[in-house]
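Scroll down for the structure; my scribbles are underneath it.
The values are calculated or read from the model by the stated rules, or taken from the named source; none is laboratory data. Fair warning: this is a prediction, and the values are worked out from it, not measured in the lab. Positions of Cβ are backbone-derived with ideal geometry, glycine not excepted, and every protein chain shown enters the neighbour counts. Keep in mind that these areas ignore ligands, DNA and RNA; they rest on the heavy atoms of the full protein, side chains included. Shrake-Rupley method; radii C 1.70, N 1.55, O 1.52, S 1.80 Å.
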Amino acid sequence: MHLLVIDWWLILEKSLLIFGIIGLSFFIAMYTTYAERKVAAWLQDRRGPNRAGPFGIFQPLADGGKLFFKEEIIPLASNKPLFILGPALAMITALLTSTVIPWATPFITKGGDVIAMQVADVDMGILLVFSIVSVGVYGIMIGGWASNNKFSLMAAIRGASQMVSYELPMGLALIAVLFMTGSLKMSEIVGNQIENGWHIIYQPLGFIIFFVCALAECNRTPFDLPEAENELNFGYHQEYSSMKLGFYLFAEYINMFISSAVMATLYFGGYDIPFVNEASWGLNSFWMTVISFSVLMAKISFFLFVFLWIRWTIPRFRYDQLMNLGWKKLIPLALLNMIITAAVILLLKK
Amino acid sequence: MTITITQILFWILSVAALFSALMVITSKNPVHSVLWLIATFFSISGHYILLSAQFLAVVNIIVYAGAIMVLFLFVIMLMNLNRETEPQKNRWIKMAGAIAGGCLLLVLVASLKNVESASTIEDVKGGDVGFIKRLGKELFSTYVVPFEISSILFLSAMVGAVVIGKKE
Amino acid sequence: MSVQLTNRAKQVDRKPMTFLESIYLWNIMKGMAITISHLFRKKATINYPEQTRSVSKVWRGLHVLNRDAEGRENCTACGLCAVACPAEAITMEAAERLPGEEHLYREEKYAAKYEINMLRCIFCGLCEEACPKDAIYLSQTIAPSNYARKGFIYKKGDLLIPHPVNEPEAYQKALGEKADNNKIKKEPTIPETA
Amino acid sequence: MPITHYIILSLALFSIGIVGVLTRRNAIIIFMCIELMLNAVNLLLVAFSKMHNYAAIKAAADQKLPITEAILNTGSEGQIFVFFIMVVAAAEVTVGLAIIVMMYRNIHSVDVNFLNRLKH
């Protein structure tokens, strides 16, 4: 019996990447809370937080510190293990989704080794994202149920039915993209866009459906019914305090970040730099990686801004409106989009 | 004898699957049962990945953990079932059930004795039968008719559920 | 028949929405164009404690009970301010000055208790106009907030201006633009409304 | 891994499912145990599929035959069967849960012992 044969370099490389991405997710989530407040203020002709540090840039740190030092309350009537499991699940599922996203062009070392800027380029790629998103419902449901509060439970059930309903049009919109690429691998989806142009050109309707569904999946306004303050007090995290509440809130922002990244990858060419042929620049691979990464981040920031912009423009939907929109409007539209895409692809093949 | 990562993972996942399956039938609280069943499905998905059936692993999570179990959880939460409302069987019946199940397991495992157990499953190059491209091709060529029929089954199940669940 | 007040009245349209309308996309775009235009507008708010909005010279803020140059209280508890007050915010109790208190009160009678309920006060300044002794005036300070109703009932101690001899710096600070204010008041002015 | 390991694992899961069906009175839990049994069978099918695939490729390699698409595809039927089992399970759950909800509405219980009213 001898020790396991393990490629330690691979493990080192991947764990560096994983920790980098997790750190990045936390950082972006923190500053999205700041951006949320700033954008809200600007859209309402206000100034927003500007006390902590210059322009208030330390505001998220102050918020985080506050959440950390708040008293941790676990209601007596709650189901304790599940009460703790809820936010943990929400956070885990939010962070897991980032595994299959290609963050930049592969980095080639001097020795000629190729280091992919992607944790796992697995065969089922985007399907994996879907499976994790579908599990993400449990964070909300368990938390809401374990609080033993009828408002929390109502919110949790709303949130779950909303997320399950909007997964359908999201998947259908995605299928049209998969028709075009012929692969579920994220790297191949990006590669196809670099060759043939971004999918947004061919799939504007599909993108809009996907975007609306992403809003619903992240529980963002206009679909933030699980957190409807004025109907359900505070939603599924009503009984939570301190860092558990922080986990729920953070998970929402990480979800926003990851869904922006997924949208950028699926429809906006991922790390592709628009309008130029970057291969002709002859840059070394390190700088290519850096540039393509920042291009992806720019696209993600744009989507995050749109998320915030929508939040401060559109009022919350009513629950029946939400369900009507999902089942009666988006699913037929997504089916139509899928069929048209399939027909056009068949015609072009002939 | 060498121990590979696959073997270690097999044992971990097997123990996890059996433990959580046992917890499903022994938990008093139905919500706990549902959550343990989800854990079972996750470990079975892990087994699928070990058997390089990636597509089935993901479909298992999406369909079972992401849709079916959400439905179960939904129903249990809406009915407000908990430890107190849980109907309990008589202790003797429980014991009889456990013994009957154990006997079944014993008989089935004993019947394995006569089977040649030379067959093994190893990871081989090109063993990508569970990959999405291969399965997809097979599904949409050889099995396209059952596939379409299953979609009709789905539709009828949906209609049936709505009709049953509708209040008169 | 209804009376038409403005030309902006719009007939309510209760037609069922068409499919395109019911996905709300166009209306959402319109709304988003409105909000994005606000991004580039001038901000309506200011950084308050550092920056304050300028107020006019005659703007009326918190009340101050005045002292004369030697630090004696001007108020004689005549009650004219309480009578003049339309919100009935002022209450007072008079007391007679005892021998040896000449350095505290300017005249023989003084206000032993003087309270203004800031929740009732409407900052109209009639008390200032009614006062024959120039004892009360309205400063340029904004009334601060408080957690309890009790905190809004300002006692004499809260209202009195600092002693000009003992605490000259605080006195000058509290005086603020009062010097100019008084100048304006002393000039003969014609009231706008008769 | 020897195939027997997988067989025993799925048998154990299946038996746990059966014990659950025999010992619980909550209709929803019984339903869940049936799902567990289905999953045990699924696991077995996938294991067999992989075994056949491996055996076919190995046999072809041993006999120095060219590895064709058909050989690479051996065993995929098992996985497609699992796929269909999942489809049927999903359909079954929707209808089954609808029935349980209806039953709960009528008798305010999910206890299967009360269900013998169906007899009369």
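With every protein chain in place, what's the accessible area of C:H103 (1.4 Å probe, Å², nearest 10)?
Spelled out: C:H103, probe radius 1.4 Å, area about 120 Å².
Which pairs in the list A:K70/C:K150; C:K109/C:K155; A:K70/C:K43 are over 24 Å apart, alpha-carbon to alpha-carbon?
Pairs exceeding the cut-off: A:K70/C:K150; A:K70/C:K43.
For the residue pair B:Q7 and D:I99, what label-to-label distance in nm results when each label sits 7 Å from Cα along the Cα-to-beta-carbon direction?
4.6
Pairs of alpha-carbon atoms within less than 8 angstrom and 6+ residues apart define the contacts here; what relative contact order does chain A have, in percent?
Taking the mean separation of contacting Cα pairs over the length of chain A, I get 23 percent.
Taking a quarter of the surface of the convex hull around the Cα atoms of the stretch C:1-133, what do you get in nm²?
Computing the convex hull of the Cα atoms and averaging its projections yields 17.5 nm².
Could you size up the charge dipole of the protein assembly as shown around its Cα centre, putting +1 on the beta carbon of Lys and Arg and -1 on that of Asp and Glu, and report it in debye to the nearest 20? Provide the component values of the computation, followed by the final result.
Details: 71 positive and 62 negative charges, 293 e Å.
Charge dipole of the protein assembly as shown: 1400 debye, to the nearest 20.
Which distance in Å, rounded to a whole number, links the C-alpha centroids of the stretch A:313-350 and the stretch A:73-90?
So the separation of the two Cα centres works out to 37 Å.
Heavy-atom accessible area per residue, the stretch B:1-117, 1.4 Å probe: how many Å²?
Solvent-accessible surface per residue comes out at 47 Å².
Indicate the gyration tensor shape class of the stretch A:222-273 (rounded, prolate or oblate), computed on the Cα atoms with a ≥ b ≥ c the square roots of the eigenvalues: a/c under 1.5 is rounded; otherwise a/b larger than b/c is prolate and the rest oblate.
Taking the square roots of the gyration eigenvalues as a ≥ b ≥ c, the stretch A:222-273 is oblate.
Counting pairs of alpha carbon atoms under 8 Å apart in space and at least six apart in sequence, what relative contact order in percent does chain C give?
Across chain C, relative contact order equals 21 percent.
Not counting ligands, DNA or RNA, and with a 1.4 Å probe, what is A:F83's accessible surface area in Å² rounded to the nearest 10?
Rounded to the nearest 10, that gives 0 Å².
With a 1.4 Å probe and all protein chains kept in place, how do C:E167, A:E36 rank by accessible area, largest first?
Values: C:E167 90, A:E36 10 Å².
Accessible-area ranking of C:E167, A:E36, largest first: C:E167, A:E36.
Rounded to the nearest 100 Å², what is the buried accessible area between D and B, both sides summed, probe 1.4 Å?
Chains D and B together bury roughly 7200 Å² of accessible area.
Would you mind telling me the share, in percent, of accessible area of chain D contributed by carbon and sulfur at probe 1.4 angstrom?
70
I want to check the label-to-label distance for D:F114 and A:A88. Put each point 7 Å from Cα in the C-beta direction and report it in nm to one decimal.
So the two model labels end up 3.5 nm from each other.
Counting only Cα, what are the radius of gyration and maximum Cα-Cα distance Dmax of the stretch C:54-128, in Å?
Gyration radius and largest Cα-Cα distance of the stretch C:54-128: 13.9, 46 Å.
Taking the solvent-accessible surface of protein heavy atoms with a 1.4 Å probe, what is the per residue accessible area of chain A in Å²?
44
Keeping all protein chains in place and using 1.4 angstrom, which order do A:V276, B:V75 fall into by accessible surface area, from largest down?
A:V276, B:V75
Greater than 25 Å separation of Cα atoms is the criterion. Which listed pairs, A:K350/B:K137; A:K185/A:K329; A:K299/C:K30; A:K38/C:K10; A:K350/B:K133; A:K329/C:K30, meet it?
A:K185/A:K329; A:K38/C:K10
Compute the FRET efficiency between C:I142 and A:W287 as 1/(1 + (r/R0)^6), taking r as their Cβ-Cβ distance and R0 = 45 Å, and round to the nearest 0.05.
0.20
Order the following by accessible area, largest value first: C:E50, C:E115. Probe radius 1.4 Å; ligands, DNA and RNA are ignored.
Descending accessible area places them as C:E50, C:E115.
Roughly speaking, to the nearest percent, how much of the stretch A:183-235's 1.4 Å accessible area is carbon and sulfur?
For the stretch A:183-235, the apolar C and S fraction of the accessible surface comes to 58 percent.
Can you tell which of C:N166, C:N74, C:N27 shows the greatest fluctuation in a Gaussian network model of chain C with Cα springs below 10 Å?
So, out of C:N166, C:N74, C:N27, the one fluctuating most is C:N27.
Taking only the C-alpha atoms, wrap a convex hull around the stretch D:3-119 and report its volume per residue in Å³ as a whole number. Display every interim value, and only then the final one.
On the way: hull volume 11.0 nm³, N = 117.
Normalising the Cα hull of the stretch D:3-119 by residue number yields 94 Å³.
Over the stretch A:73-349, how many percent of alpha carbon pairs lie in each 5 Å bin up to the one with the longest distance?
Bins of 5 Å from zero give 1, 6, 12, 16, 17, 15, 12, 9, 6, 4, 2, 1, 0 percent of pairs.
Return the single residue from A:W281, A:W42, A:W103 with maximal mean-square fluctuation; model: Gaussian network over chain A, springs between Cα atoms under 10 Å.
A:W281
What does the extension gain come out to for C:V58 and C:A84, with contour length at 0.36 nm per residue minus their alpha carbon separation?
Between C:V58 and C:A84, full extension yields 7.5 nm more.
Count the net charge of all other residues whose Cβ sits under 14 Å from the Cβ of A:P81, scoring Lys and Arg as +1 and Asp and Glu as -1.
Its environment carries a net charge of +4.
What's the local net charge at D:T23, with K and R +1, D and E -1, over the other residues with C-beta under 14 Å away?
Within the 14 Å Cβ shell, the charges total +4.
For chain B, max minus min Cα coordinate along each principal axis, in Å, sorted largest first?
Cα spread of chain B along its principal axes, largest to smallest: 56, 43, 29 Å.
Just to be sure I follow: if Rg is taken over the C-alpha atoms of the stretch C:63-186 and Rh is the Kirkwood radius over the same atoms, what is Rg/Rh?
Ratio value, two decimals: 0.94.
Report C:R53's accessible area, 1.4 Å probe, all protein chains in place, as a number in Å² to the nearest 10.
Surface open to solvent at C:R53 totals about 150 Å².
Starting at 0 and stepping by 20 Å, how many percent of the alpha carbon pairs of the protein assembly as shown end up in each bin?
Calculated over all Cα pairs of the protein assembly as shown, the distribution is 12, 36, 27, 14, 9, 2, 0 percent.
Tell me, for chain C, which Cys residues have no other cysteine's C-beta sitting closer than 4.7 Å.
So, C:C75, C:C78, C:C85, C:C121, C:C124, C:C131.
At a probe radius of 1.4 Å, figure out the B/A buried accessible area, summed over both chains, and give it in Å² to the nearest 100.
On the way: alone 13740 and 17750 Å², together 29050 Å².
Accessible area lost upon association: around 2400 Å².
In terms of the Cα gyration tensor, with a ≥ b ≥ c the square roots of its eigenvalues, is the stretch A:10-115 rounded because a/c is under 1.5, prolate because a/b exceeds b/c, or oblate?
oblate
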